[in-house]
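Notes follow the structure.
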Amino acid sequence: MRRWLEGLEAEKGLDHLTARARRWVLGSYGVLALALAAWGLLLSRDGGSLRPLLLFLLPLLLFLPSLLARRPRGHAWLAFVSLLYFMIGVNVAILPGLAGLGWLIALASLALFGGSTFYARFRSRQLRQRAGE
C-alpha cells in the first residue's frame, strides 16, 4: 500500500491529491451531517426534544475548526470518529423502514474515513515538503 501511495504521489503530485482528498472529505462530511440531521429529527419528532439531533451532530461539529484550518491531525482524528458513525449507520439500517437512511449514514461515514485518512497523509507530507524547501 505504501509503495502504491508513493507512486501515486509521484505521478499526480501532492497538491493535486491533497485538493482531491479535501473535496472528498468536505462532500462526505456534508452528506453525513445531513443524514445525521435527518435521523436526529426523526428521533426528535417522537420525543419532542432536540437532544437526539445535538447528540448525533455535536461530535461531528467539533471537528469543523480542524476542517476549516486544514489541520492533518484533526483529519486523522475525524477518521477515527467517523467509524463510530459507521456503527450508528449499520444500527439504523436494520430498523424497519430506515434501511436507506442507515446505509446512507454508513456509506458517508466510510467515505469520510477514507477521505480523512488520505487527506491527513497527503497534507502532512505536503507541509513537510514545503518546510524543506
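The values are calculated or read from the model by the stated rules, or taken from the named source; none is laboratory data. What you are looking at is a predicted structure, and each value in this text was computed from that prediction instead of being measured. Every residue, glycine as well, gets a Cβ built from its backbone with ideal geometry; the counts of neighbours run over all protein chains shown. These accessible areas exclude ligands, DNA and RNA; they are computed on the full protein's heavy atoms, side chains included. Shrake-Rupley method; radii C 1.70, N 1.55, O 1.52, S 1.80 Å.
General remarks:
- Number of positions in segment 37-77 that are farther than 15 Å from residue 116 by Cα and not hydrophobic (A, V, I, L, M, F, W, C): 10
- Candidate set from segment 42-93 (those that are part of a loop (DSSP other than H, G, I, E, B) and open to solvent by 100 Å² or more (accessible area, probe 1.4 Å)); member that is nearest to residue 25 (Cα to Cα): 70
- For segment 1-41, a residue qualifies if it is open to solvent by 40 Å² or more (accessible area, probe 1.4 Å), more than 25 Å from residue 103 (Cβ to Cβ) and in contact (Cβ under 8 Å) with a residue 60 or more places away in the chain, and exactly one does: 15.
- Any pair with Cβ under 8 angstrom, 6 or more apart, that starts in segment 108-133 at a residue that is free of Cβ contacts under 8 Å to residues at least 60 places away in the same chain and ends at one that is small (Gly, Ala, Ser) and part of a helix (DSSP H, G or I): 110/82; 113/79; 113/82; 117/76; 117/79; 120/76; 120/79
- Output for segment 94-105, where each listed residue is open to solvent by less than 80 Å² (accessible area, probe 1.4 Å) and farther than 13 Å from residue 34 by Cα: 95, 98, 99, 100
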